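Asks: Please see the structure below; I have some questions.
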Amino acid sequence: MNNGDESLLTFIKSTNLNNLSITTCNNMKECRNRLSGYTHENWDAIFLNAEPKMEEETPKSQNLSAAFLQIVKISDTPIFVVTGKRPVSKWDKREAIRLSGGRFYELQKASAQLYEDIIAEIENTEEYRIRKEYGRVIDFYVGIEEGNTDVLLINLLKNLYKDDLFKNPLIPANVRLILDKVMTFLTNTGILHGTPFIGSNLRECSIELGKKGRVVPYHVQRCFHSCVDIANNGNHQIPEESEDNYRKRIGNPLFVQKQITNCKAPYLNMALIYDLLNILYWCASLDNSKQ
């Protein structure tokens with residue numbers, strides 16, 4: 001991501017950096033909006049002009065420091081400070097090196113080194129490793145509907161490598177969001193023509209899929225049943241009333257969130273994510289078949 005430096009655009013066109021997806025921003029306000037998650041995007045690296053454009057009044061000598069601090073407050077994405085044809089002062093150069101941990105590049109002299117360093121940095125990121133390992137299901141998920149991004153799924157998969165996965169009560173709710181899109185996809189393909197997904201009937205759709213043994217493999221049926229039951233129940237907060245009163249009114253709910261937060265089901269979230277991956281992998285195969 002560039003912050004308004006046309007020389008970087010020329011650099012991109014003249015090197016094999018153009019095999020990366022580069023998005024430009026005209027000022028720091030636009031940059032902050034993209035990094036803060038409003039556009040639901042993930043970034044592997046940030047190119048920051050050594051002379052960034054600030055929308056607020058800031059002494060020119062402080063622009064780089066102000067821009068850098070604004071970025072690191074909302075993102076831990078590696079920042080590469082770059083300058084084009086116009087040279088920067090010795091003070092700005094020292095400041096850029098200090099802030100970026102040495103990631104400062106004068107494009108007229110170090111374009112090849114920048115390319116090598118940015119590729120090495122990207123390949124060392126968690127997002128890159130996840131995309132490489134789960135590329136097939138991620139590609140399917142991104143293409144499942146127009147305008148969809150990989151942010152929700154990648155952030156969910158990141159949990160597989162976190163120490164608090166076993167007690168994270170938000171996993172079922174995020175799985176539920178992805179299941180909604182999967183059921184919409186299966187409705188659009190005609191597989192759920194008998195029970196189309198209308199936004200609130202995940203369980204009914206799961207039951208319908210269980211009747212389609214000639215289309216839906218048995219292990220995928222079971223993954224749907226498990227995912228839907230756990231995600232549906234785990235998507236609801238435990239009521240404030242006593243558990244005994246709630247059982248008398250409703251019956252015997254799963255209380256998935258309570259099981260997770262109390263560490264009584266330490267492998268449930270992991271199993272839920274892997275069931276979802278089985279579903280997405282099957283959907284990707286279905287999407288690529290002529291049948």
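The values are calculated or read from the model by the stated rules, or taken from the named source; none is laboratory data. Worth saying up front: this structure is predicted, and the values here are computed from it rather than measured. No Cβ is skipped: glycine too gets one built from the backbone with ideal geometry, and neighbour counts run over all protein chains shown. To get the accessible areas, we keep the full protein, side chains included, count just its heavy atoms, and leave off ligands, DNA and RNA. Shrake-Rupley method; radii C 1.70, N 1.55, O 1.52, S 1.80 Å.
Asks: Tabulate in residue order the Karplus-calculated ³J(HN,Hα) for region 179-190, using 6.51 cos²θ - 1.76 cosθ + 1.60 with θ = phi - 60°, rounded to whole Hz; enter x for Gly and Pro.
Replies: Result, rounded to whole Hz: 4, 4, 6, 5, 5, 5, 4, 5, 5, 5, 7, x.
Asks: Provide the FRET efficiency to the nearest 0.05 for the ASN27-VAL142 pair, computing r from the beta carbons and using R0 = 41 Å. If you can, show how the numbers build up before the last one.
Replies: Numbers: r = 28 Å, r/R0 = 0.69.
With R0 = 41 Å, the Cβ-Cβ based efficiency is 0.90.
Asks: Share of region 98-143's accessible area from carbon and sulfur, percent, 1.4 Å?
Replies: Solvent-exposed carbon and sulfur of region 98-143 make up 43 percent of the total.
Asks: Excluding LYS211 itself, what net charge comes from residues whose Cβ is under 15 Å from its Cβ, given Lys and Arg +1 and Asp and Glu -1?
Replies: Within the 15 Å Cβ shell, the charges total +2.
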